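Data block below; observations after.
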Amino acid sequence: MENREEIYNQLVAILVEEFEIDKASITNEANLYSELDLDSIDTVDLVIKLQEITGKKIEPETFKAVRTIEDVVNAVEELINE
């Protein structure tokens, strides 16, 4: 994953495959909790998947402020560019 589009596409693929979320409901503005129905355990699973893909450790503090798909893309992009 090198750019925002790749990060977004990978994130969508994870959400559809791992969490059975309807692709049509995934937008940049979609809230992970209220709109996509992820819970805290799902979020931990998502972080693990993202760590596997990026090969980087994601600190829990990084994801505490994450609420939307765009927030996840921003966090992953920042991590990759470190």
Subject >> Of all residues making up the range 56-79, the number that are farther than 15 Å from LEU38 by Cβ, in contact with a helix residue (DSSP H, G or I) (Cβ under 7 Å, 6 or more places away or on another chain), of a type outside the set (A, V, I, L, M) and surrounded by 11 or more Cβ atoms within 10 Å (Cβ to Cβ) >> reply: 3
**OP:** From (1) at pLDDT 95 or above; (2) surrounded by fewer than 16 Cβ atoms within 10 Å (Cβ to Cβ); (3) in a loop (DSSP other than H, G, I, E, B), pick out the condition that doesn't hold for ALA24.
**Re:** (3)
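From TYR33, TYR8, which residue is touching a residue at least 24 places away in the same chain (Cβ under 8 Å) and in a loop (DSSP other than H, G, I, E, B)?
Values: TYR8 fails: in a loop (DSSP other than H, G, I, E, B).
One residue alone meets the criteria, TYR33.
With of a type in the set (A, V, I, L, M), farther than 21 Å from GLU82 by Cβ, at pLDDT below 90 and out of contact with any Ser or Thr (no Cβ under 8 Å at 6 or more places or on another chain) as the only criterion, which of VAL12, VAL44, VAL16 stands out?
Details: VAL12 fails: at pLDDT below 90; VAL16 fails: at pLDDT below 90.
That would be VAL44, the only listed residue that is of a type in the set (A, V, I, L, M), farther than 21 Å from GLU82 by Cβ, at pLDDT below 90 and out of contact with any Ser or Thr (no Cβ under 8 Å at 6 or more places or on another chain).
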Original post:
Can we say ILE53 is in a loop (DSSP other than H, G, I, E, B), modelled with pLDDT under 90 and either buried (at least 16 other Cβ atoms within 10 Å of the Cβ) or not hydroxyl-bearing (Ser, Thr, Tyr) (or both)?
Top reply: no
**OP:** Scan the range 55-81 and report the pairs whose first residue is farther than 11 Å from ARG4 by Cα and of a type outside the set (Ser, Thr, Tyr) and whose second residue is surrounded by 10 or more Cβ atoms within 10 Å (Cβ to Cβ) and at pLDDT below 85, with Cβ atoms within less than 8 Å and a gap of 6+ or a chain change.
**Re:** LEU79/ILE58; LEU79/THR62
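Taking the range 56-76 as the region of interest, how many residues are within 18 Å of ALA30 (Cα to Cα) and either assigned to a helix (DSSP H, G or I) or over 12 Å from the mean Cα position of the chain (by Cα) (or both)? Reasoning before the result, please.
Step one: list which residues in the range 56-76 are within 18 Å of ALA30 (Cα to Cα), which gives 63-76.
Cutting the leftovers down to either assigned to a helix (DSSP H, G or I) or over 12 Å from the mean Cα position of the chain (by Cα) (or both) gives us 63-65, 69-76.
Final tally of qualifying residues: 11.
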Original post:
Say we look at the range 32-45 and pick out the residues that are surrounded by 14 or more Cβ atoms within 10 Å (Cβ to Cβ) and of a type outside the set (Asp, Glu); which of these is nearest to PHE63 (Cα to Cα)?
Top reply: THR43
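The values are calculated or read from the model by the stated rules, or taken from the named source; none is laboratory data. On a predicted model such as this, the values are computed, not experimentally measured, just so you know. As a convention, Cβ positions derive from the backbone with ideal geometry for all residues, glycine included, and neighbour counts pool all protein chains shown.
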